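Here's the structure, in structure tokens; my notes come after.
Read-outs: derived from the displayed coordinates by stated rules, not from any lab. What you see is a predicted model, and the numbers here were worked out from it, not measured in a lab. Here the Cβ is made from the backbone with ideal geometry for all residues, glycine too, and neighbour counts use every protein chain on show.
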Amino acid sequence: MTAATLQENKMGIMPVGKLIANMALPMAISMLVQALYNVVDSIYVSQVSESAVTALSLAFPIQNLLIGFAVGIGVGVNSLLSKSLGEKNQEAANRAAGNGIVLMAIAMVLFVLFGLFGVRPYFAIQSDNPETVEGGIVYTSICCVFSVGCFASILGERLLQSTGRTVHTMITQSIGAIINIILDPILIHGWFGLPAMGIAGAAIATVIGQWVSGIMVIIFNLKFNPEVQLHKKYLPLEGKTVAAILTVGIPSIVMNGIGSVMNFGINQILQGFAETATGVFGVYFKLQSFFFMPLFGLNNATISIIAYNYGARKPQRITKTLKISCTAALCIMTAGLLVFQFFPDVLLGLFNPSQAFLEIGRVALRTISWSFPIAAICIALGASFQALGNGIYSTIVSLCRQLVVLLPVAYLLSLTGEVQRVWLAFPIAEVVSGTVTFICFTRIYRQKIKPLFEQA
């Protein structure tokens, strides 16, 4: 039996519940490890100073945008590649991978240039604390200039995911994250005779972990992913292929860009109260990743399964995938809600908090987490938008959640002079985005999924 036939058996024939578990669990585990290293990173940095934690919070929008470009291109490649394999179009699948490599290289060059020339003005407009500004400049410069490992690892992981090899993805992500976790205290605090590098050490540890993941994922694709044939003849950009990748990828990039703008805007609002509030917001984002990252792992698996079965014209498998994905997502985020409601002090205590930090953070975690269950359904249904080539719907939902509603409401609530009221903007925005998600999903079901049932 050929590798292609085995792939058909898995993506097109394996029971949907088992297939989702088979693909999503490895990704969810690797995403959990990623979340762990993000938290560990901040825990060690918090031992340097509270200003260092704030510097990481201010750096997050750029980090998020960098990862967003890589993930966006990767999602576009994943969607096109899975669809092409479902249609048994090997040439289109190979060209999707080759063009994806070139698009990743272009994006990487843009961030290298920003790391060299753009970081100082970026931080200068955000804080007048010299320690915060310099820490942010050092951290962000290192992450941007040496970002090749990040771009390589994310694209390679999407190539593996598109053919169902999520265990290999789990291995590469987990090893990179574990290396980061090991190196963090060594480089930040100067263990084993090395100089204490502070926040620069955290950035170097991150980059080394990404490079290791990138090297491993390249090896795995060359040795264990025969459905995707990487060859230089597929590198020249082809308009049709690039358009198909970017049709799905750009909305994903825009969504992450929107997230970066949201983070920047909320940081500016919170800076009007105190740097401590900005630090709390950054720590919240690290903590919420323990629940959102596994959800994104589930989402990545769902995108591949839906895209493949859409190409193979199997609507029953598409709808069953969505039902199981929504149920699993709701369970994950309900668990997150309960943890944030009942154990905020335990979570915040990991970051060497001052009393003011603890008081602000306790209310923040409890208030924002009420948005988690609605976010679960929005993200789970959003997988169908990307998988079926309607990524623009994801952009619309993200705009509602993070810009059109969240920032104006947060700003208006900040005018009350009570920082704790600002956090109410998050659940308010999620209710609006949930409504928009339902409307968009109803439309895409009627246009893309329902006709498949009628043709069967």
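Figures for the structure shown
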quantity: Reachable aspartates and glutamates from Lys233, criterion Cα separation under 15 angstrom, eight or more residues apart if same chain; calculated: Glu91
quantity: Per-residue [θ]222 nm for the chain (sum of -39500 (n - 2.57) over DSSP H runs n ≥ 4, rounded to 500); calculated: -27500 deg cm²/dmol
quantity: On Cα atoms only, tilt of 199-224 relative to the major axis of the chain in degrees; calculated: 10
quantity: Segments 443-450, 302-309, 65-72 sorted - mean Cβ within 10 Å per residue, highest first; calculated: 302-309, 65-72, 443-450
quantity: Listed pairs Lys223/Lys314; Lys286/Lys314; Lys240/Lys448; Lys232/Lys314; Lys18/Lys286 exceeding 28 Å between Cα atoms; calculated: Lys223/Lys314; Lys286/Lys314; Lys232/Lys314; Lys18/Lys286
quantity: Phi to ³J(HN,Hα) by Karplus 6.51 cos²θ - 1.76 cosθ + 1.60 over the stretch 348-354, Hz, x for Gly, Pro; calculated: 5, x, 5, 10, 6, x, 7
quantity: Alpha-carbon centroid distance for the pair the stretch 382-408 / the stretch 138-168, whole angstrom; calculated: 23
quantity: Centroid-to-centroid separation of the stretch 197-260 and the stretch 110-133 [C-alpha atoms, Å]; calculated: 24
quantity: For the stretch 382-456, Kirkwood radius (reciprocal of mean inverse C-alpha pair distance, Å); calculated: 13.8
quantity: Net charge dipole size for the chain [Lys, Arg +1 and Asp, Glu -1 on Cβ; Debye, nearest 20]; calculated: 1920
quantity: Angle in degrees between helix 148-162 and the longest Cα principal axis of the chain, rounded to the nearest 10; calculated: 40
quantity: Inter-centroid distance (Cα atoms) of the stretch 291-342 relative to the stretch 42-83, Å; calculated: 22
quantity: Cα long-axis angle, helix 50-86 against the chain (0 to 90 degrees, to the nearest 10); calculated: 0
quantity: For the stretch 246-260, Karplus couplings with θ = phi - 60° (6.51, -1.76, 1.60), whole Hz, Gly/Pro x; calculated: 6, 4, 8, x, 4, x, 5, 4, 4, 4, 5, x, 4, x, 5
